[in-house]
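See structure below.
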Amino acid sequence: MIEIKNVSFSYKGFEEEDNEEVLKNIDLTINDNEHTCILGHNGSGKSTLAKLLVGLDFCDKGTILIDNIEINEENVYQIREKIGIVFQNPDNQFIGATVQDDIAFGLENKCVPSEDMQGIIEEYAGKVGMQEFLDKEPTRLSGGQKQRVAIAGILATNPKIMIFDEATSMLDPIGIMEVNNSIEELRKENKTIISITHDVDYALKTDRLIVLDEGAVLFDGKPRDVFKHQDRLVEIGLDIPFALKISNALQNEGLTIKNCLSMKELEEELCQ
């Protein structure tokens, strides 16, 4: 579905020598219905890649194709009908005076008949557990609730691809859990999901993990395989799963225990 072919991108300075290259010859293919996590430290290029995928910026070199359609200035609006994106600050995403109005905004842009809107609004508010809040003002919601409303608003327009760009980075632990649970539910909707995050424990739950470092792909594979390179990940400034940290600490204390990536694995290993 998504083909990224030899893509490079630089932020332009006043002079050519001031240009900052943030993506370098990226080659990736992301498949239908795949849940992909893109992990990287600040400045690695992961959010820039998200902007290129929705046409907020355009690559300097290479091509990006969505369903075999190249993203460019002429067809960017056609591409955006296929993609929904949730950014990190939920307060920057609200337009309506109520939750219901906000979910309706995207439907109005797609010229959905008014008599059909209410049913769609209630359906997608229900999918993220926000059906009881339709008449509430967004400012009165928690951070996690705001992000769930943002997800509902995008889902209502029925995009094929959902991108979450650091969607939990400004939330407390409860908000993170609420949003991550909503994203997990989306996997039942046959959507292609791209999660851009620092949360290594969440990355373990995805189908595929791509690690960016200094604008290039460092690792690409199953999360369990990527975390075998824990020393290299720490070296570039990334965290490792909490269960793996505990495994390492116990090994340093002389306990014979295998590396565990999840708390469930660790509990089973300790019981043995």
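Computed from the coordinates by the stated procedures, all read-outs in this text should not be read as laboratory data. All figures in this text were calculated on a predicted structure; none of them were measured in a lab. Note that we place each Cβ from the backbone using ideal geometry, even for glycine, and neighbour counts take in every protein chain shown.
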Examine the range 130-143 for a residue that is surrounded by fewer than 18 Cβ atoms within 10 Å (Cβ to Cβ), closer than 19 Å to residue 33 by Cβ and acidic (Asp, Glu), and state whether such a residue exists. no
When the range 150-177 is examined, which residues are found to be crowded, with 23+ Cβ neighbours inside 10 Å and over 26 Å from residue 234 (Cβ atoms)? 150, 151, 152, 153, 155, 156, 163
Test result for residue 162, in contact with a Gly (Cβ under 6 Å, 6 or more places away or on another chain) and of a type in the set (A, V, I, L, M, F, W, C): yes
Taking the range 128-148 on its own, how many of its residues are part of a helix (DSSP H, G or I) and free of Cβ contacts under 8 Å to residues at least 60 places away in the same chain? 11
